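The values are calculated or read from the model by the stated rules, or taken from the named source; none is laboratory data. Keep in mind that this is a model prediction, so the values were computed, not measured. All Cβ positions, even for glycine, are placed from backbone atoms using ideal geometry, and neighbour counts span all protein chains on display. Areas reflect the complete protein model, heavy atoms only, side chains present, ligands, DNA and RNA absent. Shrake-Rupley method; radii C 1.70, N 1.55, O 1.52, S 1.80 Å.
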Amino acid sequence: MLYSSLELLALFIVTCSIVVQAWVGIGFGLLAAPLLYLIDPAYVPGPVLVVGWMLSVIVVLKQRHSLNWRRVFPAIAARLPGSWCGALLLVSIAPWQLSLFFGGALLLAVWLSLRRYSVALNGYSLTVAGFLSGILGTATSVGGPPIALLYQHEPRLTARNEIAAFFLIGTPLSIAMLWLNGGSELLNATLILKMIPGVVVGFWLSRRLERVFNKDSARPAILLISTISALVVLWQGITGGLAA
């Protein structure tokens, strides 16, 4: 499989972003989507969603015996209606309007977390987070923060594994909703295939990283990535609104 220079750059971006998500639980969509979009808009959202899902498959297969599927199920169930709403919004409302709304909401959630306001990790909160993640992930490819903020006080490996389980089932729902709502052209099989080596190498590198930097808590990383996510999405909204 031949790569152009831009495709090699995209592969490097994917690899680095996979390392972050495989260690923390989120971050791939945030880091990869904006940069890949600059290389070629066809990378977002379809190929980014598919490649992120591939990482979830690997993590869940590796950690399947320690996963608490019962706890994460409400979030998975709520992802379906959230993904449907996100797909409808994506094809019916200006993307910059979505970015302003969700970027502001994410920033507020992070601010509340820093103010020591915490939300209990239970069926109700997971349902709400799963729904919001479905909307945001389908519309912008950055669906991790709503669910990750709930897990910020959990041990890092627990958070990473259960978030991966959520994405394992939830991401195909987002892809299906895109397809059913007229977004089949947003899936580019050639780009997806060329990014697969980045998933494999990135996950392998993350395992090496764990041996050197094996922190039990991912809360600082989750809050940092969520803040950057909010600012990136807000910036997309601002620039899109000015262009409109």
Using only the alpha carbons, work out the radius of gyration and Dmax of region 57-149 in angstrom. 14.3, 43
Rounded to two decimals, the Rg over Rh value of region 1-124 from Cα coordinates and the Kirkwood Rh reads 0.99
Does region 48-91 come out rounded, prolate or oblate by the C-alpha gyration tensor, with a ≥ b ≥ c the root eigenvalues, rounded set by a/c under 1.5 and, if not, prolate when a/b is larger than b/c and oblate if not? oblate
Summarise the accessible area of the chain (1.4 Å probe, protein heavy atoms) by the percent that is carbon and sulfur. 70 percent
Averaged per residue, what accessible surface does the chain expose to a 1.4 Å probe, in Å²? 47 Å²
Stokes-Einstein at 25 °C, 0.890 mPa s, Kirkwood radius from Cα pairs: D for region 88-228 in µm² s⁻¹? 147 µm²/s
Would you please classify the overall shape of the chain from the alpha carbon gyration tensor, given that a ≥ b ≥ c denote the square roots of the eigenvalues, rounded means a/c under 1.5, and beyond that prolate means a/b larger than b/c while oblate covers the rest? rounded
Candidate cut points under GluC sites (Glu not before Pro) in region 141-215, DSSP loop plus at most 12 other Cβ atoms within 10 Å of their own Cβ, are none
Exactly which chymotrypsin sites (Phe, Trp or Tyr not before Pro) in region 1-62 are in a DSSP loop and have at most 16 other Cβ atoms within 10 Å? 3
Can you grab the distance from the C-alpha centre of region 65-114 to the C-alpha centre of region 1-38, Å, no decimals? 21 Å
Amide H contacts of residue 217 (H built 1.01 Å from N, under 5 Å, at least 5 apart or other chain): 156
Surrounding charge for residue 147, neighbours by C-beta under 13 angstrom, Lys/Arg +1, Asp/Glu -1, total +1
Go ahead and estimate [θ] at 222 nm for the chain from helices alone: -39,500 (n - 2.57) per DSSP H run with n ≥ 4, summed, over the residue count, rounded to 500. -27000 deg cm²/dmol
